[in-house]
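Asks: Sharing a structure below in structure tokens format, with a few things to ask.
Each value in this text was obtained by applying a stated rule to the coordinates, not by laboratory testing. Note that this is a predicted model, so its numbers are computed, not measured. Methodologically, a virtual Cβ is constructed for each residue, glycine included, from the backbone with ideal geometry; neighbour enumeration extends over all protein chains shown.
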Amino acid sequence: MRALLASLRRLILGETWTIPLGVGAALGLAVVMRAWLPHATWQAVGGFCLAIFVLAVLALSLRRAHRGHS
Amino acid sequence: MTFVLTMAAAATAAGIEMLEALAIVLAVGIARGFRDALAGALAAVVAVVLLCLAVGPALLGGADLHFLRLIIGSILLLFGLEWLRKGILRMAGLRRRSSSYDEFVEERAALGGAIAAGAGRDWAARLVAFKGVFLEGLEVGLIVLALGGAPGRLAPALVGAAVALVIVSAIGLVLHQPLRRLPETQLKLGVGVALAAFGTFFTAEGLGVEWPLADLALLYLAGLFAITSWLAIRALARRVTLAAAT
């Protein structure tokens, strides 16, 4: 049962905590930016900001994985 | 265009998960008997379908559209980034390449070492087949529900999953040899790119963003993730080569 729960956690959240925590942080940052920027500006550039945050999360997860190997 | 993109993403993602489930069923079937392997797999398929039927309509029908897009986008981002991370590490040589055939061989070896099945029902074999197919099936269900969650996208997501089911069943009927020839690592990386693009697209829409060129944004987002992945693979592979040389 414990093995099945661990498999389910890996299935939904992945093998590391970097990606779920990073995606959460990226969403939080995007919500803050949406509140801070004028509405029209957010509508126009918000998607690109989110894409950059997501790429940063990917880069961080790769960096941690690479460190783990070296 | 949206129909084709959603269908292609659902078909590829579901197909790869189904291939992994097929590898487990083949391994259990060859090592312990196909009757028990198919019984376990069938029970898992029924459990996943019931779970999706129970959760899906409530998830898709009861929520505010923006909130739904945000949730769906976040789930797709979690899946997409994990697939991208693994794919990049595999392509750069930092992780073993993905192969359902190897998984099949390992699973068969593990089961072969277990106590031989008796004449009655082999519950151990059924459990192994059930667990493998349930977990892979759950992933198929989550991806199809997430991709099909936005208005007008459920049909292409279901068609994509159905196409994948037909293709994977055909591979299963022709036995396991085709598993060897599939470029699984590259396919999984491609699925990671697609899921990350869909995830970013939906999440941003959920937060009130209006993408330039509307749905075509999926293409330039996929291009952005593909180029970034290629650059990351090159950079990591170069480091691996340098580390091996010193």
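Asks: In whole Hz, what ³J(HN,Hα) sequence does the range A:25-36 give by Karplus (6.51, -1.76, 1.60; θ = phi - 60°), x for Gly and Pro?
Replies: Those phi angles translate into 5, 4, 5, x, 5, 5, 5, 4, 5, 4, 6, 8 Hz.
Asks: What number comes out for the charge environment of residue B:139, summing +1 per Lys or Arg and -1 per Asp or Glu over other residues with Cβ under 11 Å away? Before the final figure, lay out the partial values.
Replies: On the way: positive: A:10; negative: B:17, B:20, B:82, B:136.
Here the count lands on -3.
Asks: Can I ask one more? Using the Cα atoms as the points, what is the convex hull volume per residue of the protein assembly as shown in Å³? Could you put the intermediate results ahead of the total?
Replies: Details: hull volume 45.3 nm³, N = 316.
Taking only Cα atoms, the protein assembly as shown has a hull volume of 143 Å³ per residue.
Asks: How long is the range A:14-70 along each principal axis, judged by its Cα atoms, biggest number first, in Å?
Replies: Principal-axis extents of the range A:14-70 (Cα, largest first): 45, 15, 15 Å.
Asks: Once phi is turned into θ = phi - 60°, what whole-Hz ³J(HN,Hα) does the Karplus curve with 6.51, -1.76 and 1.60 give for every residue of the range B:219-229, x standing for Gly and Pro?
Replies: My calculation for the range B:219-229 gives 5, 6, 5, 4, x, 4, 5, 5, 5, 4, 5 Hz in order.
Asks: For q values of 0.17, 0.21, 0.22 Å⁻¹, compute log₁₀ I(q)/I(0) with the Debye formula on a Cα-only model of the range B:1-75, without solvent.
Replies: Values returned for q = 0.17, 0.21, 0.22 Å⁻¹ are -0.87, -1.05, -1.08.
Asks: Take the Cα atoms of the range B:1-40, build their convex hull, and give its volume per residue in Å³.
Replies: Values: hull volume 2.2 nm³, N = 40.
Cα-based convex hull of the range B:1-40, divided per residue, equals 56 Å³.
Asks: What does the convex hull of the alpha-carbon atoms of the range B:132-219 project to on average, in nm²?
Replies: Details: hull surface 27.6 nm².
Taking the Cα atoms of the range B:132-219, their convex hull projects to 6.9 nm² on average.
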